[in-house]
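Read the structure below first, then the notes.
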Amino acid sequence: MPQTLAPPAPAPARTAVPETAPDPRLRALAEHHGLKVSGARPSLPEYTRQLWARRHFIASFATARLTAQYASAKLGQIWQVATPLLNAGVYYLIFGVLLNTRGDIPDFIPFLCTGVFVFTFTQSAVLAGTRAISGNLGLVRALHFPRACLPIAFTVIQLQQLLLSMGVLAGIVLVCGVPLTWHWLLMIPALLLQSVFNTGLALIMARIGARSTDTAQLMPFVLRTWMYASGVFYNLSAFTKDAPHLIAVALDCNPTLIYIDLMRYALIDTVRADDLPPHVWPLALAWAVLTGAAGYLYFWKAEEEYGRG
């Protein structure tokens, strides 16, 4: 009689093994010898101390990247000034000539160039900050340093470019017949406040861009809309005087409009204090402090996540 094979016995059910908590003795031993969790986020004061200790790295990194940015171009560093000048020329052709907005604005060329140069500073800082982490993952994963160094360094790059452009802008203003006055000294606090504001924005966008690389593709459209709402090519007050009150207040509180108007007030004698938004200096200070502090805290909160995706 043929033998039949018995069915195999069922395998014993596997029971989940619960994760064991770290041995308190090992934890105590690690703390005794000063060992810490790898990549742990330091406290905010300690993080700030580490960031300040690397200030020379930030400056050197910014200078090196700025030099290398145009190394392959034949005109080299000239493009730092030529790019905003060409943009101003295009906007002058469209808004000044074709749309004839220059007739209502005294000293239209200095007015336009100031708006273009100042807004480009914020625009470039935001775009560079968005890619500060996602575009430098090799550096982030290879070296240990406060990751805030990168968005701050990229903001310093844009500030260096603006300082070169401001020399050209001063020449344009003088050639157009605008006199040199003590108001020009107001450029210093206005530029410092805008730099703090831009740094905060760059830190915010660096964290967002590190999580979603698609943000870099979206930002040019957002910034273009922001530019049209900032009075870069025209006097925005001519449009807000008949607008609903809430819309007029929102436009007057636009931070880029505030910093642009402050620079125009400093450089152009035909821009009077009455032409500025109400409470312009307190608003400029508030935007700088709030955005700078919020951006720093927001970026620091995710310090452990950068480069691990």
Starting from segment 129-147, take each residue that is closer than 20 Å to TYR47 by Cβ and list its partners that are open to solvent by 60 Å² or more (accessible area, probe 1.4 Å) and at pLDDT 90 or above, counting only C-beta distances under 8 angstrom and pairs at least six apart or across chains.
-> PHE145/ARG54; PHE145/PHE57; PRO146/ARG54
Pick from segment 266-309 the residues that are open to solvent by 40 Å² or more (accessible area, probe 1.4 Å) and among the aromatic types (Phe, Trp, Tyr): which of them is farthest from VAL118 (Cα to Cα)?
-> TYR298
Among the residues of segment 132-139, is any among the hydrophobic types (A, V, I, L, M, F, W, C) and modelled with pLDDT under 90?
-> yes
Restricting the search to segment 272-309, which residues are without any contact (Cβ under 8 Å) to a residue 12 or more places away in the chain and either within 15 Å of PRO189 (Cβ to Cβ) or among the aromatic types (Phe, Trp, Tyr) (or both)?
-> PRO282, ALA286
Can we say GLN194 is of a type in the set (S, T, N, Q), within 24 Å of ALA266 (Cβ to Cβ) and modelled with pLDDT of 90 or more?
-> yes
Would you call ALA28 within 30 Å of GLN161 (Cα to Cα), open to solvent by less than 80 Å² (accessible area, probe 1.4 Å), among the aliphatic types (A, V, I, L, M) and at pLDDT below 85?
-> no
Every residue from segment 249-278 that is over 24 Å from the mean Cα position of the chain (by Cα) and not in a helix (DSSP H, G or I) = ILE268, ASP269, THR270, VAL271, ARG272, LEU276, PRO278
Condition check for THR215: more than 22 Å from LEU66 (Cα to Cα) and open to solvent by less than 50 Å² (accessible area, probe 1.4 Å) | yes
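The values are calculated or read from the model by the stated rules, or taken from the named source; none is laboratory data. Note that the structure is predicted; figures quoted are calculated from it, not measured. Every residue, glycine among them, receives a Cβ derived from its backbone with ideal geometry; neighbour counts consider all protein chains shown. Side chains included, ligands, DNA and RNA excluded: accessible areas come from the protein's heavy atoms. Shrake-Rupley method; radii C 1.70, N 1.55, O 1.52, S 1.80 Å.
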